[in-house]
Structure formats: C-alpha cells, structure tokens
Amino acid sequence: MVAAIESAASAIGGRVDIRVDLAEGNRPRVGSTVHFRVTSPIDGQLLVYNIDLASGSAYQVFPNRYSGGAASTGTKLRIAAGENITVPKASDGFDIRVQEPAGRNRLYAFVLPQHMRVEDIAARGMDMDNIKDLQGLFKEIEDRTLRGIEVFDRPANGDRGAAMYEYEIAR
C-alpha cells in the first residue's frame, strides 16, 4: 500500500518545495489537538491525506466538509502561492484530537495544476472518514497527474508538487 502512495508522490514530483507538517511538532500525544499546515510556492489545487502506517487507515485532511468557508461545500481546493492553509483554523469550530493507535503516521500534500480534474476525488473524502481503497485513490491521482504531462508545458519551476511529513503519535 505504501508503495502505491510513494509512487503517486514521486509521479507528481518534488520539483516544487511544498511544505506540510503539524503545528505541534512530530510527536503529538494521544488526547492532544493538532493542526495540519501546508504552504506552497505555487498556485494549484490542494489535497492532503493522513495515513496511519501500522493499520493502513487513512483520511482526507483537506478539503473537508467541517472547515468553514467554501471548503465546506467542496468548491475550495485552491491554494495560492505563498498561502498557508491550516486545518482546522481557529474559525472552523472543530478540533482534531489525536486518537489511538500510537505509532507512525504520514501526511501527504499534493498541489496539482488548475487544469486537472480532481473535484470528484476530493468529494470522496470530504467527511474525513477512513478511505476504503487508498491504493486505488492514489493510483487515480497518479494516473491523472501523468495524463497530459506531455500535452501541457511545465513552467521551469514546476506546476505541481508533493510533500510528505512523518510524525509519531505518542501515548
């Protein structure tokens, strides 16, 4: 399963320095609240996933229906160059509380070109529930990213990027 995810992240490319992390650091404790952060030097559509490496369970962090503004309707996938997106932000009215199991997790952030159709992919994870076919989802993101790569010229600095952040839930 992790191989499919790594393949998608690699296909999307690391040419652009996307940053993803937890505001609270890489060892949050069970019961604490966390805030996921993403910053991108390019405009694009943002998808963020959290994966528990031991169980293989995963959920979509962004976009989600619980965040305020346009993201709650599924229409806000956009991240502007230099923008910092935090989930949840103070005005969202919900928290993300760390739960068992303790162990290693990974965040994956994908910034994809505006011309790519990903609204349907994002719509599947809006409820932040466990993603049933994670490998299939990441394979679909990879396929869509590679489709058209020769049709569209890439700017010298890149028009897409992927980032990974590993953290460990502690007891």
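For the chain, the longest principal axis of the Cα atoms and the long axis of helix 134-146 meet at an angle of about 30 degrees. Angle of helix 2-12 to the longest C-alpha principal axis of the chain, folded into 0 to 90 degrees and rounded to 10: 40°. In the chain, helical runs assigned H by DSSP with n ≥ 4 each contribute -39500 (n - 2.57); averaged across all residues and rounded to the nearest 500, the mean residue ellipticity at 222 nm is -5000 deg cm²/dmol.
Between I42 and G82, the built amide H atoms are under 5 Å apart, and every one of these is 5 or more places off in sequence or on another chain. Among S91, S55, S67, S32, sorting on how many other beta-carbon atoms sit within 10 Å of each Cβ, with the fewest leading, yields S91, S55, S32, S67.
The Rg/Rh ratio of the chain, with Rg taken over Cα atoms and Rh as the Kirkwood radius over Cα pairs, comes to 0.94.
Arranged from fewest to most other beta-carbon atoms within 10 Å of their beta carbon, R106, R29, R78 become R29, R78, R106. Converting phi to 3J(HN,Hα) with the Karplus coefficients 6.51, -1.76 and 1.60 and the offset θ = phi - 60°, the range 57-65 yields 6, 8, 8, 8, 7, 9, x, 8, 6 Hz in sequence order, with x at every glycine or proline. Ordering S32, Y49, M126 by Cα displacement along the dipole of the chain toward the positive end leaves S32 in first place; charges were set at the Cβ atoms of Lys, Arg (+1) and Asp, Glu (-1). Residues in the range 83-93 carry Karplus couplings, in order, of 6, 10, 9, 10, 10, x, 8, 4, 7, 6, x Hz; the curve used is 6.51 cos²θ - 1.76 cosθ + 1.60 with θ = phi - 60°, and Gly or Pro positions show x.
No value in this document is a laboratory result; all are computed from the given coordinates. No experiment lies behind these values; they were computed from the predicted model shown. No Cβ is skipped: glycine too gets one built from the backbone with ideal geometry, and neighbour counts run over all protein chains shown.
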